[in-house]
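Below you'll find the structure I mean.
The values are calculated or read from the model by the stated rules, or taken from the named source; none is laboratory data. Just so it is clear, the structure is predicted and the values come from calculations on it, not from any experiment. FYI the Cβ positions are ideal-geometry reconstructions off the backbone, even for glycines, and counts take in every protein chain you see.
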Amino acid sequence: MTTTTTAENPLRDWIPATRDLTIGGELVEPQGEQWDVLNPATEEVLATVRGASPAQVDAAVAAARKAFPAWAALPGEERSRHIHRLADVLEKAADRLLPSIVNEVGTPVSLASYLQVRMAVEQHLRWAAEAAKVDRTQHLGPWHEPAPTLSDVVYEPVGVVAAITGYNYPLNLAIFKFGAALAAGCTAVLLPSPRTPLTTLFLGELIREAELPPGVLNVVIGNADVGQQLSSHPGVDRVSFTGSDVVGAKIMAQASAGLKGVTLELGGKSPNIVLPGVDVQKIAVEVHLRWSRNGGQGCAALARLLVHERRYDEFLEAGAAAFDQMVVGDPWDPATNIGPMIRPEHKARVQSFIDGSLAAGGRKLLEVTKPLPEKGWYVNPVLLGDLPHDARAVQEEIFGPVAVILPFKDTDEAVRLANDTPYGLAANVWCGDDLAEGRRVAEQIRAGTVWINGGGSMRPDAPFGGYGRSGVGRELGEWGMREYLEPKHIQWRV
Ligand code: NAD
């Protein structure tokens, strides 16, 4: 799979032409409300789209319901072949998926090629295709009361899934959901963020090209009302959502009347702990370039830095080089590593965290000061310090290129601070060569993923999700598969 990443990419202005929904394998002209999709780097209108009407949402759910029995009954090997075929089509479309995502999300092309396209398809969708083949039946062995019996536990698909995603990784977030759902034997209706719907509309075209059985995977777009209808729809059996904790709570409430199960992948305020034995010269640049990736618009951004007081000053000095390497601007410039905020109101929210922190006595300890491009909703990255741990910027998810730093006295305090927010999505512990200490600290942190010394990339076979306000349930790996499976106990007398 190749994606052209340079500014010379002949497809750099390309955006999908599809404006139609995909319902039951057919292109359907949307009848709902209309809005503009904007390019956050240029402020230009990329496209004007229409959402699904209430009747079209019903039709999408009905199409998924109709397709469910046959899809669920297919042998896993067959479902696997279908999913691999879809992955083949997506791989061939990589050079168009890339500009679609760069232009509507604003992710710098230097990051997007792997993180937004290749990782999603080559790693995650392929893994899901293989997971479709697994026979998960468990043989529990004999039980003697009140009569001798044997038991099996078999896993059956839950049914129709509503998959609702946030704006920052449109292809990844969709694949994390429909990959596992389809592998499990469920059918699905996808609803992307109204701010970045173009890539998912294009996905509808690719679903048809891959000849997935009609109705197995449907695409609708729309605003909160469409999400509300889907997550409370009597024809939907499970809701899988990625987005903010505020909307996650609404979705849980909306799904509750129908007693639908939910998987919620929400925000975070992930701590990044630097223990005293660490050579901070070696890690400071990596630390800052990581939390600021995608302009800080990453759910697991490690943007709450907890640094041992003995290393604090040295860490700050070493970090200045990272801010020199931050290039804010045109996502199509291969040198750029910080793109724009998705919308002006989001930029204003990010700015309000900076202004509010300064007004409350906080200070900018490191920052990029180069002039910002005239167009585009950019924010210069900044590291804020001298804030108490209960400050808004320390406790709340900013989702922009703003990190906070706090010193700690000993490891117990680091652990206490790390766990002292309502979230628990991810964390990192820098421990140098003392892996045993890193592991001891990792085990005390209440988060769904804890990396040690920077960890690695997101693995398709490892669970991802959060404690507390970071979510409910897990995505990816066997844990993600189980979200879409009902365990059934079959017991017989012997
Ligand atoms: P958001 O919560 O604003 O919106 C997400 C989706 O919810 C959109 O598609 C929107 O149309 C829909 N929606 C809004 N109101 C609804 C309602 N009442 N009922 C049903 N659907 C409704 O999120 P966002 O700003 O697009 O994304 C950013 C957030 O997502 C951040 O908090 C980020 O941390 C989180 N996120 C989490 C993960 C993860 O895996 N944990 C990954 C990426 C992003």
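Of everything in region 237-259, what is touching a residue at least 60 places away in the same chain (Cβ under 8 Å) and in contact with a helix residue (DSSP H, G or I) (Cβ under 6 Å, 6 or more places away or on another chain)? Give them in sequence order.
Narrowing region 237-259 to residues touching a residue at least 60 places away in the same chain (Cβ under 8 Å): 237-245, 248, 251-252.
Within region 237-259, V239, S240, F241, T242, D245, I251 meet the criteria.
Exactly one condition in (1) modelled with pLDDT of 95 or more; (2) surrounded by fewer than 22 Cβ atoms within 10 Å (Cβ to Cβ); (3) within 16 Å of the ligand (Cβ to nearest atom) is false for G480; which is it?
(2)
In region 194-228, which residue that is more than 17 Å from Q34 (Cα to Cα) and assigned to a loop (DSSP other than H, G, I, E, B) is farthest from the ligand (Cβ to nearest atom)?
By that ranking, first place goes to E211.
Among the residues of region 416-428, is there at least one that is part of a helix (DSSP H, G or I), modelled with pLDDT of 95 or more and among the small types (G, A, S)?
yes
What is the number of the single condition among (1) farther than 22 Å from R440 by Cα; (2) among the small types (G, A, S); (3) within 23 Å of the chain's Cα centre (by Cα) that A300 does not meet?
(1)
Of the residues A163, A52, A63, which single one is away from the ligand (no atom under 16 Å from the Cβ) and at pLDDT 95 or above?
Exactly one residue qualifies, and that residue is A63.
Provide a single number: the residues in region 452-471 that are in contact (Cβ under 8 Å) with a residue 12 or more places away in the chain, surrounded by fewer than 20 Cβ atoms within 10 Å (Cβ to Cβ) and out of contact with any Cys (no Cβ under 9 Å at 6 or more places or on another chain). Talk me through it step by step, then tell me what you get.
Step one: of region 452-471, the residues in contact (Cβ under 8 Å) with a residue 12 or more places away in the chain are 452-455, 457-471.
Narrowing further to those that are surrounded by fewer than 20 Cβ atoms within 10 Å (Cβ to Cβ): 452-455, 457-459, 461-463, 467-468.
Checking the rest, the ones that are also out of contact with any Cys (no Cβ under 9 Å at 6 or more places or on another chain) come to 454-455, 457-459, 461-463, 467-468.
Count: 10.
Only one residue in P271, P344 is touching a Leu at 6+ places or on another chain (Cβ under 6 Å) and more than 10 Å from the ligand (Cβ to nearest atom). Which one?
Only one candidate qualifies: P271.
Applying the selection to region 101-157, what residues are on the phi > 0 side of the Ramachandran plot and surrounded by fewer than 21 Cβ atoms within 10 Å (Cβ to Cβ)?
Just the residues of region 101-157 that are on the phi > 0 side of the Ramachandran plot, to begin with: 106, 141.
The answer is G141, and nothing else.
Something else: Starting from region 326-347, take each residue that is without any contact (Cβ under 8 Å) to a residue 24 or more places away in the chain and in a loop (DSSP other than H, G, I, E, B) and list its partners that are surrounded by 19 or more Cβ atoms within 10 Å (Cβ to Cβ) and of a type outside the set (K, R), counting only C-beta distances under 8 angstrom and pairs at least six apart or across chains.
Short answer, once both residue conditions are applied: V327/T336; V327/N337; V327/I338.
Still on this model: Do any helices (runs of 4 or more DSSP H) entirely within region 94-155 hold 2 or more residues that are under 15 Å from L173 (Cα atoms), and if so, which?
Fully inside region 94-155 and qualifying: 94-105, 126-131.
Could you list, ordered by first residue, the pairs with Cβ atoms under 6 Å in which the first is in region 209-228 and on the phi < 0 side of the Ramachandran plot and the second is away from the ligand (no atom under 16 Å from the Cβ) and in a strand (DSSP E or B), at least 6 apart or interchain?
Final answer for the pair search is V216/T187; N218/T22; N218/I23; V219/T22.
For region 181-193, does any single residue satisfy the condition of being over 21 Å from the mean Cα position of the chain (by Cα), at pLDDT 95 or above and in a helix (DSSP H, G or I)?
No, region 181-193 has no match at all.
Go through (1) part of a loop (DSSP other than H, G, I, E, B); (2) touching a strand residue (DSSP E or B) at 6+ places or on another chain (Cβ under 7 Å); (3) surrounded by fewer than 24 Cβ atoms within 10 Å (Cβ to Cβ) one by one and return the number of the condition G258 breaks.
So G258 meets the others, but not (2).
What are the residues in region 363-403 that are outside any loop (DSSP other than H, G, I, E, B), touching a residue at least 60 places away in the same chain (Cβ under 8 Å), surrounded by fewer than 24 Cβ atoms within 10 Å (Cβ to Cβ) and within 16 Å of the ligand (Cβ to nearest atom), if any?
Hit for region 363-403 is Q395, nothing else.
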